[in-house]
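The block underneath contains the structure these notes are about, expressed in structure tokens.
The values are calculated or read from the model by the stated rules, or taken from the named source; none is laboratory data. Note that this is a predicted model, so its numbers are computed, not measured. All Cβ positions, even for glycine, are placed from backbone atoms using ideal geometry, and neighbour counts span all protein chains on display.
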Amino acid sequence: MDIGQLLLGRPLRRRDAGHEEIGSTEGLAALSLDALSSVAYGPEAIALVLITAGLGAMHYLLPISLALIGLLLLLVLSYSQVIDAYPAGGGAYAVSRANLGKNVSQLTAAALVVDYTLTVAISISAGVEALTSAFPAVQPWALEICLVVLAIVTLMNLRGVGESARAFLLPTLVFIVGLLGLMAWGFLHPAAAAAHPLAAAKPVPLFFLLTAFAAGCTALTGVEAIANGVPLFREPRQLRAKRTEWLLGGILALMLLGLALLTIRFAVSPGGAQTMLSKVMVAAVGHGAVYYVVALAITMVLALAANTSFGGLPLLSSILARDGYLPHVFAMRGDRLVFAPGIYVLSAAAAVLLVASGGNTQALIPLFAIGVFTGFTLSQTGMVVHWWHERPPHWAVRAGLNGLGALATGVATLLFVVTKFTEGAWVVVVIIPLLILMFRGIRRYYDRVGAVLMPGRTPAPVNARPRPMIVVPIEPRLSELTRRALDHALSLSDDVVAVAILLDPESDADPTEASVRQAWTDWAPPVRLEIIRSEYHSVIRPMLQFIDGLTTKAHQRRLVLIPEFVPDSPYGELLHNQIGTLLAAALRRRTDVMIALVPMHLHQEYVPSPAAGVDGGA
């Protein structure tokens, strides 16, 4: 077993795909951790805005949290409808593509790509911040820990979505049960009363509250991931996906409400080295064993929340690849039945963000909600159009629900762009159009290729042509590699010419033209030999000039058959001159010449045949 198989697991057959599908509870670990874990930084983002108006303004945390919960429930209901209407996955992109046209669907796809990438970086950085809040001694290595966690999550997802979901299920349950239990204890314990209650709230401008609300919308990211990943569930997929969506909505609503109430009760304010959630936990249960167990669970779940993107983006990228907006390699499943190219690209992009931000969550949050709320808005707008066209029973109620959600999320998107633009949101405003341009450029290329290849159409009749003229570049000194190449050339055509490029000899040991011709005469293969003397220390240019000067019969093609020695290790590759590779690269763009390689592997046993023209074991 090689190192790759040891790390990633044995290859899976297609019939094993069912083992990688997930149930409703596993869906919480695979696709919901982003939304669930946002309770660690979403309410704090609200508090960081409110605290600028004074400690008394923290009283507004509760009504703003209630408004967020209302929007959360609206989104859960909306995406439950998306799951039913578009069970093939793709979520907001599928809705936009079907109802709003290709231009809007490209905008949705770009927004989702940004959202998923930022989700990985923010989730991991928030998890490490939770760790450093509980264990301040590891703070100097925060960025390094972020990158290690990213590598672990990437590796787990390369092993398969189902395997990663099962591996992350236990810390997910510990996080949910532990945090909800800790909140309940905070309400019930007699010592839980705040020693310094908050001052009375003072009136603040409406726009200020809307700004705080927009900041808190980061707590709703990830709600869409379940609708994007419906194909990952076991049958009945739609029902299991909707159950996961409802579980997510209920649990997250309880957490947001409980955290808002306890923050006000304990007069907790944001800021400092400790996160606001950590301060609430300390106020509720102190620095005992319960605190550390829940803190570690929060750290793990926050870090593993990146798993939501690893479940969603590779699937989305495969759909985009099938639509011609990403390279087709993104639609290919690997040995572990995962879309590995999407996983690698997502991991690399998240690593760049983590390094650029120094692993600072608050530096990344201004970039965050624009992409996801753009997706929310376009998805729900598309669902309004969907209901208008389909008109099932009670369609007007459904369309009204989606329309209300589109209005609310659209307002939140605009608020976020306006209030966070100078803090870094401008980066997303620039990146999304660049992604759209990339999608369109890739699609134009595939359209050109399709116009030439015409896949699916019956090709023109096959024309019989004369056998090709075959040119075999050889080394001046004869070798077994030369014999193999000529063996193959003669099996394809009788019109074969061997070409040796002879440089000016630099020592007496170098072959001369006379010695090369004598060796050829002694060997006597049924092939014509051409020797070209080169004044330059290059064999590529004279070889190309020779090929251009060949005279062929009518309709006869030219085939350059390049002998290639294949070492048995990457180290061995460095010990050869790679002239065959360079010649192949120079000819690859030529439309008037065919090229083929004749490999000879070092590890392969090769017994020379006694007579010329007998197959040498290619």
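Selection of first residues in the stretch 534-551 that are on the phi < 0 side of the Ramachandran plot and of second residues that are among the polar types (S, T, N, Q) and at pLDDT below 85, restricted to Cβ pairs under 8 Å at least 6 apart or on distinct chains, gives the following pairs, ordered by first then second residue: ARG541/SER534; PRO542/SER534. For the stretch 331-348, the condition holds for at least one residue, the condition being that it is assigned by TED's automatic domain parsing to the domain that holds ALA98, over 30 Å from TRP141 (Cα atoms) and assigned to a helix (DSSP H, G or I).
Residues are listed down the side, and each one gets a yes or a no for (1) charged (D, E, K, R); (2) crowded, with 24+ Cβ neighbours inside 10 Å; (3) farther than 19 Å from LEU77 by Cβ; (4) in the same structural domain as ASP34 (by TED's automatic domain parsing):
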residue	(1), (2), (3), (4)
LEU353	no, no, yes, yes
GLY358	no, no, yes, yes
GLY371	no, yes, yes, yes
THR374	no, yes, yes, yes
THR377	no, no, no, yes
GLN380	no, yes, no, yes
GLU390	yes, no, no, yes
HIS394	no, no, no, yes
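Taken together, the residues in the stretch 492-509 that are at pLDDT 90 or above and exposed (fewer than 14 other Cβ atoms within 10 Å of the Cβ) amount to 1. Within the stretch 262-313, how many residues turn out to be hydroxyl-bearing (Ser, Thr, Tyr), assigned to a helix (DSSP H, G or I) and more than 32 Å from the chain's Cα centre (by Cα)? Of the residues in the stretch 262-313, 3 are hydroxyl-bearing (Ser, Thr, Tyr), assigned to a helix (DSSP H, G or I) and more than 32 Å from the chain's Cα centre (by Cα).
The lone criterion from (1) at pLDDT 85 or above; (2) within 30 Å of LEU55 (Cβ to Cβ); (3) basic (Lys, Arg) left unmet by LYS242 is number (2).
Counting only residues that are part of a helix (DSSP H, G or I) and surrounded by fewer than 21 Cβ atoms within 10 Å (Cβ to Cβ), the stretch 314-329 holds 3 of them. For the residues GLY441, GLY456, the requirement of being at positive phi and not aliphatic (A, V, I, L, M) singles out GLY456. Which residues, counting only those in the stretch 470-495, are in contact with a Leu (Cβ under 7 Å, 6 or more places away or on another chain) and farther than 22 Å from ARG517 by Cβ? Across the stretch 470-495, the qualifying residue is only HIS488.
May I ask you to verify whether THR512 is more than 54 Å from the chain's Cα centre (by Cα), of a type in the set (S, T, N, Q) and at pLDDT below 95? The answer is yes for THR512. For the stretch 122-140: of the residues being β-branched (Val, Ile, Thr) and buried (at least 21 other Cβ atoms within 10 Å of the Cβ), which is nearest to ILE370 (Cα to Cα)? Among those residues, the one meeting the criterion is ILE122. The sole residue among GLY450, GLY403, GLY441 that is surrounded by fewer than 18 Cβ atoms within 10 Å (Cβ to Cβ) and under 30 Å from ALA219 (Cβ atoms) is GLY403. Taking the criterion of being touching a helix residue (DSSP H, G or I) at 6+ places or on another chain (Cβ under 9 Å) and outside any strand (DSSP E or B), the residues of the stretch 542-570 that qualify are MET543, LEU544, ILE547, PRO567. Looking across the stretch 555-587 at every residue that is of a type in the set (Ser, Thr, Tyr) and surrounded by fewer than 14 Cβ atoms within 10 Å (Cβ to Cβ), the one that is modelled with the highest pLDDT is identified as SER569. Being surrounded by 21 or more Cβ atoms within 10 Å (Cβ to Cβ), of a type in the set (A, V, I, L, M), modelled with pLDDT of 85 or more and on the phi < 0 side of the Ramachandran plot holds for only one residue in VAL104, VAL95, VAL161, and it is VAL95.
Given the condition in contact with an Asp or Glu (Cβ under 8 Å, 6 or more places away or on another chain), touching a residue at least 60 places away in the same chain (Cβ under 8 Å) and buried (at least 24 other Cβ atoms within 10 Å of the Cβ), answer yes or no: does some residue in the stretch 291-299 qualify? Within the stretch 291-299, not a single residue is in contact with an Asp or Glu (Cβ under 8 Å, 6 or more places away or on another chain), touching a residue at least 60 places away in the same chain (Cβ under 8 Å) and buried (at least 24 other Cβ atoms within 10 Å of the Cβ).
Residues considered: VAL76, VAL104, VAL148, VAL138. Of these, the only one that is closer than 20 Å to LEU220 by Cα and assigned to a helix (DSSP H, G or I) is VAL76. Among the numbered conditions (1) at pLDDT 85 or above; (2) over 16 Å from ILE474 (Cα atoms), the only one that THR552 does not meet is (1).
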